[in-house]
Amino acid sequence: MITPRPSRARHPGPVTRFQGRLRTRIRTKLTVSHVLVVTLSLFVFSALMAVLYIFILTKSGVDLATQFQTVVVMTILVTFVIGVITVCSIVVAAIASWYVSRRLTRQISELEEATVAIAEGHLENRVAVLSDDELGRLAVRFNLLAERLQELDQQRRSFVASVSHDLRTPIAIIRGHTDAQLRDPDDETPTSIEAFRAIEHEVITLGKLVDDLFTLSRLEEAALPMTLQPVDLGELVEDAVRAMRPYALKVSRVSVNAVVSDGVPEVEGDPTRLTQIVNNLLHNAVRHTPEGGIVVAEVTLGTETGTVVLVVRDTGVGIGPEDLPKIFDRFYQGDSVRSGGAGLGLSIVKQLVEIQGGSVAAASAPGEGTTITVTLREKEF
C-alpha cells in the first residue's frame, strides 16, 4: 500500500550529502555487477562455442592445421562482438542502475530523514511508503514504531502530570492542616484529632503512590524479589476484603464482599505479590464505584485444567470500549478510568500476574461496572 508523502520539515546538510553518496555507491555497484555478469557470460558462451566448434571439426575428420586461419578469424570476430556487447551493456547497465538506485535511495532517504527527525524529538513524523517491496514493508514497520513511541511519550507526559497532581494534592492538604494547627485557632479551625486523621489519610495516600512507583521501577529492572510457594488464594482474598471493608464503607459507602468456592486448591505464587494484586484490584474497584455500590471478589476453579480464577467485579461507572484495551498499559489514563491515582495499579497487576505465570483480562461497559479476571496456576505436587 502506497501512502501519500506527509508534510514535514526537511533536514538539509548531512542527510542530503548522505543521500548523494549512497546513490552514487549503489549506482556504481549495480553498473559494475551488470557489466561483469554480461561480460563473463559472453566469455563463457564463447569458450563453450569454441570447444564445440573444435569438437565438431575433429569428429568430421577435418585437419585442424588447415582450419587455423578460420579459427583465428572467428576468434577475432567473437572478441570484437564481445567488446561491442560489453560497451552496450555498460550503457544499458548505467541507465538501469540509475533508475534502480534512484528508486532504492528514495525510500532509504525517507527513512534517514525520519530517523533524524525522531532523534530530534519530532515523534509525529512518518515515512512515506513508496513501494510494496521489502523497503516499503520496512517503512510501514518504521511508522508503526514511530506511532508507538509517540503513544508512549504521550502516556509519559500524562503520567508525569498525573503523578505531580497526586503528589501536590496530599501535600497541600497536609500543609493546610499543619498551618491551621500552628496559628491561633478560630471557629473554622479543625480540632487536632480531625487534623491528624486527615494528615494520616494523606500520608497513607502518598505512601501507596510511592510504593507503586517503586514496584513499577523494580518490575522494569526485573529486580523485584519473587518467591513462589503454595498459597491459599481464597484465605488471602478473604483477609484482604476484611481489611478493605471498613475503609470502603467509611470513605465511599461501598460494600466489599468475598465469595470463595469450596474445594479450591492452592495456587503457586508469591504471597506478598498476590496480596498486592488483590489490594490493587479492590482499591481500584472501590475508587470507581459510586456510593451504595458493591464490589465482589470471587475465587473459583478455572475452566482450564490446573488453574484457579480470581474475579473482582464492581457496579461502578464502567469503562468505554475505546479505553478498555489500554487500561493495563503503563501510564495510561483514559477519561472513564481517571478518578484519582496515577494509573499505575492495573499495570502493576498485569506485570505481577504474568511474572507468576498467570494472565489477566478485563470486561466492562459504561454504566455496567467492570470485571477483572485473574487466572493463576495451581500448585504443582
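Can you tell me which residue in segment 142-182 is nearest to Gly121 (Cα to Cα), limited to those that are basic (Lys, Arg) and modelled with pLDDT of 85 or more? I'd like the intermediate steps shown before the answer.
At the first step, the residues of segment 142-182 found to be basic (Lys, Arg) are 148, 156-157, 168, 175.
Subsequent filtering for residues that are modelled with pLDDT of 85 or more retains 148, 175.
On the way: Arg148: 14, Arg175: 38 Å.
Filtering first and then ranking leaves Arg148.
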Which of the following residues is within 23 Å of the chain's Cα centre (by Cα), farther than 20 Å from Arg245 by Cα, hydroxyl-bearing (Ser, Thr, Tyr) and at pLDDT 90 or above: Ser347, Ser359?
Ser359
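A quick yes/no check of all residues on (1) surrounded by fewer than 16 Cβ atoms within 10 Å (Cβ to Cβ); (2) at pLDDT 90 or above; (3) out of contact with any Asp or Glu (no Cβ under 9 Å at 6 or more places or on another chain):
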site: Gly269; (1), (2), (3): no, yes, yes
site: Leu282; (1), (2), (3): no, yes, yes
site: Val296; (1), (2), (3): no, yes, no
site: Thr303; (1), (2), (3): yes, no, yes
site: Leu310; (1), (2), (3): no, yes, no
site: Asp314; (1), (2), (3): no, yes, yes
site: Ile319; (1), (2), (3): no, no, yes
site: Asp323; (1), (2), (3): no, no, no
site: Ile327; (1), (2), (3): no, no, yes
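Is it the case that segment 244-258 has a residue that's among the polar types (S, T, N, Q), under 16 Å from Ala362 (Cα atoms) and crowded, with 18+ Cβ neighbours inside 10 Å? Walk me through how you get there before you give the answer.
Our first condition is that a residue be among the polar types (S, T, N, Q); within segment 244-258, this holds for 252, 255, 257.
Okay, now just the ones that are also under 16 Å from Ala362 (Cα atoms), so none.
No, segment 244-258 has no match at all.
The values are calculated or read from the model by the stated rules, or taken from the named source; none is laboratory data. Values in this document were obtained by computation on a predicted structure and should not be read as measured data. Cβ coordinates were reconstructed from backbone atoms using ideal geometry, including for glycine residues, and neighbour counts include every protein chain displayed.
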